[in-house]
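K.L.:
Next up is a structure, given as structure tokens.
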Amino acid sequence: MSWIRIAWRNLLAKPLSTGLSTALLAFGVGLVSLLMLTERQLDETFRRNIRDIDLVLGAKGSPLQLILANVYHIDAPTGNIRLADARQVMEHPYIESAIPLAYGDNFQRFRIVGTEPSYPAHYGMELAEGRLWSAPFEATIGARVAKESGLRVGDTFFSAHGLVDETDVHGDLAFKVVGVFEEGQCVVDQLLLCNLESIWAVHGDSPTASTGAGSAASAGIPESTPAETLDTVRKPLPRIGPGGVVMGSVGGPGATAPNRDGNREITAVLLKKRNPLAVLTLPNLLKETNMQVALPAIEVNRLTQNFGIGMGTLRGIAWLIIALSFASIFISVYDSLLVRRYELALLRTLGASRGGIYGSLLWEGGLLSGAGAVFGLVLSRLGLWVMAQFVEQTFHYDLAGMGVMWGEVYLACGAIFVGLLAAAIPGISAIRLDISRTLSDG
Amino acid sequence: MIETTDLRFRYGTLGPAWSFPDVHCAAGERLLLLGASGSGKTTLLHLMSGLLKPLSGQIRLANTDWSTLSGAEADRFRGRHVGIVFQRPHFVQSLTVAENVALPLFLAGLRPDAARVTSLLEALGIGDKGSSRPRDLSVGEQQRAGIARALVHRPTVVFADEPTSALDDRSTEAVVSLLEHHSAQAGASLLIVTHDNRLRDRYPRTVTLAPLTPVTP
């Protein structure tokens, strides 16, 4: 026999009340912990993929969508832009480096992205086997793609039109896998990379042709900008020098943008700035075009802030549930003390000290809240796992980081403290119990 | 051994004070404390078991004066030396009968002794009820379990507070015999507090409590 055992038996003797208190606490703790885990995962995933991308150039539309589509590859792109126009930003003196991206097809719902070797290099990707693509229709694929699709070096595959299904397969042009990346814990893991020419070729443009007379249809990437807006694209761009002075009009067919790009289109360009003024000047420069630049850092902050409102509400609800569980434990202990007054007096006559009795009540609160905290942490992991399954299926992102965070340790300690406090307060009346009177009333 | 001298008591600090006759019961002896309702029987019992503090006078149990013990010491001392059989036996309902009977061993800091618990329950005729819940026992069985609990730790003194008031003649006879027999075996003094005249003939030594009358402090 021990005080813990007596406390345990007392808890088991009132299963409904014990169950309710434990469940409330478990849900409260679980919800807070799930929010913590989700925030950590989102934060890590988002920050990791921004790396040094200062700006993203793409078609006008929602800047957040532009970022989600081109940095994280989880949303549809805002549209396409002409490579010739994009070059003027890419070669702008304020810009240090630029990585073009073109896509619109998928293989088993993994995106096939045409780009340059600087893209995997930017994320510090290493090759697990094979090599980088060098010719059209050669692809180097991410680790997750390789693992889930089973593609290996030397295999061939056909791309499917669009980004989300495989109904419209481009059956005539096969890609060949020439390399597989090591897992890099970033967005490249879930992409199949090739050169830009491959993408253009799939959509009806010959890899070698580079005429300047292509119509919008000839550069038929699915999200192609409608023809009427292409006219705005062709408007001359004012060229702004390093001091922000308008140097004169450039652009338009046959100007500084060479004909080599013709009407070829790309989806976006990831930019790294050389001069901080780029953030201020580029949006102005692009005002009259169908292009925009968006700042990943700002858009992601805006996104997490929007999430934050929802998270804040959920967190409020979670704390409310924890407060309710406090009330529930409090009432449960208080109630059982009323019922067990005679038992407590009896224990005292059998030699129990005040401290022993108080200790056993604290054990009741502690055991109950300890169980609630543990169930809560298990519950949040189950929740995260379910969410991760969904996210993985939909976005190919792996969110399943199940490690216990320090915040959760504090949370569990806090929950146990709540349980102890909820038992400690009514327990004082047990200490003050008048044994003789209680026995006489019994 | 239990001994009281010049015992006076009052509830609160302002109420009237009551005076009690001296009680003396040596080790292994039996004593009947008779008195009508309201004669302060239970108060005297609580005084002797250290649950109440007297206004004046002395209570010595096992050669120790209760007044020399601090709160926690008194709890331990009571756990070790006193066994109480209540009028209506109460139990910790979440524990089994055997666990309830074993409680005084734990609370007095003695070694657990499952064999003693079992043999006591068997001797009292409820050997098969050890794993039952207290509330599943009949009143008579509960009374026996209460006796087992009062004796399990071999106390110096056993107090029985109206142990037979709820019982018929036959059960009264059985319960009192068990109490006497097992107290004697444990070498304990036995004090039965009762208004039950059926017991009067069995006891050569009785102390009768007069209806309480206030005395000036």
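The values are calculated or read from the model by the stated rules, or taken from the named source; none is laboratory data. Quick caveat, the model's predicted, so the values are computed rather than measured. No Cβ is skipped: glycine too gets one built from the backbone with ideal geometry, and neighbour counts run over all protein chains shown.
K.L.:
What's the number of the only condition in (1) among the aromatic types (Phe, Trp, Tyr); (2) under 23 Å from the mean Cα position of the chain (by Cα); (3) modelled with pLDDT of 90 or more that A:Phe137 fails to meet?
P.N.:
For A:Phe137, the failing item is (2).
K.L.:
Please count how many residues of the range B:169-215 are in a helix (DSSP H, G or I), of a type in the set (Ser, Thr, Tyr) and out of contact with any strand residue (DSSP E or B) (no Cβ under 7 Å at 6 or more places or on another chain). Explain how you work it out, then say what you get.
P.N.:
To start, the set of residues in the range B:169-215 that are in a helix (DSSP H, G or I) comprises B:169-186, B:197-202.
Narrowing the set further to residues that are of a type in the set (Ser, Thr, Tyr) leaves B:171-172, B:177, B:183.
Add one more test, that the residue is out of contact with any strand residue (DSSP E or B) (no Cβ under 7 Å at 6 or more places or on another chain), and what stays is B:171-172, B:177.
Of the residues in that region, 3 qualify.
K.L.:
Across the range B:85-108, what is the total count of residues that are at the interface with another protein chain (Cβ under 8 Å from one of its Cβ atoms) and either within 25 Å of B:Asn63 (Cβ to Cβ) or not small (Gly, Ala, Ser) (or both)? I'd like the intermediate steps shown before the answer.
P.N.:
So the first thing to find is which residues in the range B:85-108 are at the interface with another protein chain (Cβ under 8 Å from one of its Cβ atoms), and the list is B:86, B:88, B:90-95, B:99, B:102-108.
Then keep just the ones that are either within 25 Å of B:Asn63 (Cβ to Cβ) or not small (Gly, Ala, Ser) (or both); that gives B:86, B:88, B:90-93, B:95, B:99, B:103-108.
Result for the range B:85-108: 14.
K.L.:
Let me ask something additional. Taking the conditions exactly as written (in contact with a strand residue (DSSP E or B) (Cβ under 9 Å, 6 or more places away or on another chain), within 14 Å of chain B (Cβ to nearest Cβ) and closer than 30 Å to B:Ala74 by Cβ), does A:Gly351 satisfy them or not?
P.N.:
Values: in contact with a strand residue (DSSP E or B) (Cβ under 9 Å, 6 or more places away or on another chain): yes; within 14 Å of chain B (Cβ to nearest Cβ): yes; closer than 30 Å to B:Ala74 by Cβ: yes.
So A:Gly351 fits the description; yes.
K.L.:
Restricting the search to the range B:61-88, which residues are assigned to a loop (DSSP other than H, G, I, E, B), touching a residue at least 12 places away in the same chain (Cβ under 8 Å) and farther than 14 Å from B:Ser189 by Cα? Don't jump to the end; show me each part of the working.
P.N.:
Within the range B:61-88, the subset assigned to a loop (DSSP other than H, G, I, E, B) is B:62-63, B:69-70, B:86-88.
With the extra rule that they be touching a residue at least 12 places away in the same chain (Cβ under 8 Å), the set shrinks to B:62-63, B:69, B:86-88.
Within the range B:61-88, B:Leu69, B:Phe86, B:Gln87, B:Arg88 qualify.
K.L.:
For A:Leu151, state whether it is at pLDDT 80 or above, more than 26 Å from A:Arg51 (Cα to Cα), out of contact with any His (no Cβ under 7 Å at 6 or more places or on another chain) and not polar (S, T, N, Q). Explain how you work it out, then say what you get.
P.N.:
Working: at pLDDT 80 or above: yes; more than 26 Å from A:Arg51 (Cα to Cα): yes; out of contact with any His (no Cβ under 7 Å at 6 or more places or on another chain): yes; not polar (S, T, N, Q): yes.
Yes; evaluated as a whole, the condition is true for this residue.
K.L.:
Between A:Ala373, A:Ala352, which is touching a residue at least 24 places away in the same chain (Cβ under 8 Å) and crowded, with 22+ Cβ neighbours inside 10 Å? It would help to see each step written out before you state the result.
P.N.:
Values: A:Ala352 fails: touching a residue at least 24 places away in the same chain (Cβ under 8 Å).
From the options A:Ala373, A:Ala352, the qualifying one is A:Ala373.
K.L.:
Hey, another quick one. Going by the conditions given, is B:Ala150 within 19 Å of B:Phe77 (Cα to Cα) and in a helix (DSSP H, G or I)? Don't jump to the end; show me each part of the working.
P.N.:
Working: within 19 Å of B:Phe77 (Cα to Cα): yes; in a helix (DSSP H, G or I): yes.
Spelling it out, B:Ala150 is indeed within 19 Å of B:Phe77 (Cα to Cα) and in a helix (DSSP H, G or I).
K.L.:
Now, a different point. Go through B:Thr118, B:Thr96, B:Thr156 for me and flag whichever is under 13 Å from the mean Cα position of the chain (by Cα) and at negative phi. Lay out the reasoning, then the answer.
P.N.:
Numbers: B:Thr118 fails: under 13 Å from the mean Cα position of the chain (by Cα); B:Thr96 fails: under 13 Å from the mean Cα position of the chain (by Cα).
The conditions single out B:Thr156.
K.L.:
Could you tell me whether A:Asp165 is acidic (Asp, Glu) and either closer than 30 Å to A:Asp43 by Cβ or modelled with pLDDT of 90 or more (or both)? Reasoning before the result, please.
P.N.:
On the way: acidic (Asp, Glu): yes; either closer than 30 Å to A:Asp43 by Cβ or modelled with pLDDT of 90 or more (or both): no.
Criteria not met by A:Asp165.
K.L.:
Among residues belonging to the range A:46-100 that are part of a loop (DSSP other than H, G, I, E, B), of a type in the set (D, E, K, R) and in contact with a helix residue (DSSP H, G or I) (Cβ under 8 Å, 6 or more places away or on another chain), point out the one that is surrounded by the fewest Cβ atoms within 10 Å (Cβ to Cβ).
P.N.:
Filtering the range A:46-100 down to residues part of a loop (DSSP other than H, G, I, E, B) leaves A:51-54, A:60-62, A:73-80, A:91-94.
Applying the additional criterion that residues be of a type in the set (D, E, K, R) yields A:51-52, A:54, A:60, A:75, A:91.
Still in the list and also in contact with a helix residue (DSSP H, G or I) (Cβ under 8 Å, 6 or more places away or on another chain): A:51-52, A:54, A:75.
On the way: A:Arg51: 16, A:Asp52: 11, A:Asp54: 21, A:Asp75: 17.
The selected residue is A:Asp52.
K.L.:
For a quick check of your reading of the model, give me the residue pairs whose first member lies in the range A:327-348 and is more than 9 Å from chain B (Cβ to nearest Cβ), whose second is aromatic (Phe, Trp, Tyr), with beta-carbon atoms closer than 6 Å and at least 6 apart or on different chains.
P.N.:
As it stands, the answer is none, since no pair meets every condition given.
K.L.:
I'm trying to understand the selection: among the residues of the range A:101-128, which are closer than 18 Å to A:Leu196 by Cα, in contact with a strand residue (DSSP E or B) (Cβ under 6 Å, 6 or more places away or on another chain), among the small types (Gly, Ala, Ser) and surrounded by fewer than 22 Cβ atoms within 10 Å (Cβ to Cβ)?
P.N.:
A:Ser118
K.L.:
Got a number for residues in the range A:279-314 being among the charged types (D, E, K, R), over 14 Å from A:Ile67 (Cβ atoms) and surrounded by 15 or more Cβ atoms within 10 Å (Cβ to Cβ)? First the steps, then the outcome.
P.N.:
Here is the first cut: in the range A:279-314, the ones among the charged types (D, E, K, R) are A:287-288, A:299, A:302.
Among the residues that remain, those that are also over 14 Å from A:Ile67 (Cβ atoms) are: A:287-288.
Going one step further and asking which of them are surrounded by 15 or more Cβ atoms within 10 Å (Cβ to Cβ), we end up with none.
Of the residues in the range A:279-314, 0 are among the charged types (D, E, K, R), over 14 Å from A:Ile67 (Cβ atoms) and surrounded by 15 or more Cβ atoms within 10 Å (Cβ to Cβ).
Condition check ((1) crowded, with 22+ Cβ neighbours inside 10 Å; (2) among the basic types (Lys, Arg)) across all residues:
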| residue | (1), (2) |
| --- | --- |
| B:Asp128 | no, no |
| B:Arg133 | no, yes |
| B:Ser138 | no, no |
| B:Asp168 | no, no |
| B:Ala184 | no, no |
| B:Leu190 | yes, no |
| B:Pro204 | no, no |
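K.L.:
Being among the β-branched types (Val, Ile, Thr) and within 11 Å of chain A (Cβ to nearest Cβ) is the filter; apply it to the range B:34-84 and report the residue that is surrounded by the most Cβ atoms within 10 Å (Cβ to Cβ).
P.N.:
Our first condition is that a residue be among the β-branched types (Val, Ile, Thr); within the range B:34-84, this holds for B:42-43, B:59, B:64, B:68, B:82, B:84.
Next, only the ones that are within 11 Å of chain A (Cβ to nearest Cβ) stay: B:42-43, B:82, B:84.
Values: B:Thr42: 20, B:Thr43: 21, B:Val82: 27, B:Ile84: 24.
Looking at residues that are among the β-branched types (Val, Ile, Thr) and within 11 Å of chain A (Cβ to nearest Cβ), I get B:Val82.
K.L.:
Another one. Looking only at the range A:382-399, decide whether some residue is among the acidic types (Asp, Glu), in contact with an Asp or Glu (Cβ under 7 Å, 6 or more places away or on another chain) and away from chain B (no Cβ under 14 Å). Give the derivation first.
P.N.:
Looking only at the range A:382-399, we keep the residues that are among the acidic types (Asp, Glu), and these are A:392, A:398.
From what is left, the residues that are in contact with an Asp or Glu (Cβ under 7 Å, 6 or more places away or on another chain) are A:392, A:398.
Those still in the list that are away from chain B (no Cβ under 14 Å) too: A:392, A:398.
Within the range A:382-399, one or more residues are among the acidic types (Asp, Glu), in contact with an Asp or Glu (Cβ under 7 Å, 6 or more places away or on another chain) and away from chain B (no Cβ under 14 Å).
K.L.:
Okay, moving on. Pairs needed: first member in the range B:193-205, touching a residue at least 40 places away in the same chain (Cβ under 8 Å); second member anywhere, assigned to a loop (DSSP other than H, G, I, E, B); C-beta distance under 6 Å; at least 6 residues apart or different chains.
P.N.:
Sorted first by the residue in the range B:193-205, then by its partner, the pairs are B:Thr194/B:Glu162; B:His195/B:Ala36.
K.L.:
Out of the residues in the range B:120-151 that are in contact with a Gly (Cβ under 8 Å, 6 or more places away or on another chain) and closer than 19 Å to B:Ser189 by Cα, which is nearest to the other protein chains (Cβ to nearest Cβ)? Quick ask: steps written out before the conclusion?
P.N.:
The initial filter retains those residues of the range B:120-151 that are in contact with a Gly (Cβ under 8 Å, 6 or more places away or on another chain), namely B:121, B:144, B:149-151.
Next, from what is left, pick out any that are closer than 19 Å to B:Ser189 by Cα: B:144, B:149-151.
Working: B:Arg144: 17, B:Arg149: 8, B:Ala150: 9, B:Leu151: 12 Å.
That would be B:Arg149.
K.L.:
Which of the residues that make up the range A:419-433 are surrounded by 14 or more Cβ atoms within 10 Å (Cβ to Cβ) and not in a helix (DSSP H, G or I)?
P.N.:
If the condition is that a residue be surrounded by 14 or more Cβ atoms within 10 Å (Cβ to Cβ) and not in a helix (DSSP H, G or I), then A:Leu433 is the only one that fits.
K.L.:
Now, a different point. Suppose the filter is more than 12 Å from every other protein chain (Cβ to nearest Cβ), surrounded by fewer than 22 Cβ atoms within 10 Å (Cβ to Cβ) and at pLDDT 85 or above; does A:Ile317 pass it? It would help to see each step written out before you state the result.
P.N.:
Numbers: more than 12 Å from every other protein chain (Cβ to nearest Cβ): yes; surrounded by fewer than 22 Cβ atoms within 10 Å (Cβ to Cβ): yes; at pLDDT 85 or above: yes.
Against the criterion (more than 12 Å from every other protein chain (Cβ to nearest Cβ), surrounded by fewer than 22 Cβ atoms within 10 Å (Cβ to Cβ) and at pLDDT 85 or above), A:Ile317 qualifies.
K.L.:
Then there's this: Hey, among the residues in the range A:1-34 that are more than 12 Å from chain B (Cβ to nearest Cβ) and free of Cβ contacts under 8 Å to residues at least 40 places away in the same chain, which one's surrounded by the most Cβ atoms within 10 Å (Cβ to Cβ)?
P.N.:
That would be A:Gly19.
K.L.:
On the phi > 0 side of the Ramachandran plot and either of a type in the set (Val, Ile, Thr) or crowded, with 17+ Cβ neighbours inside 10 Å (or both), is that true of B:Glu162? Steps first, answer last, please.
P.N.:
Details: on the phi > 0 side of the Ramachandran plot: yes; either of a type in the set (Val, Ile, Thr) or crowded, with 17+ Cβ neighbours inside 10 Å (or both): yes.
For B:Glu162, the condition - on the phi > 0 side of the Ramachandran plot and either of a type in the set (Val, Ile, Thr) or crowded, with 17+ Cβ neighbours inside 10 Å (or both) - is met.
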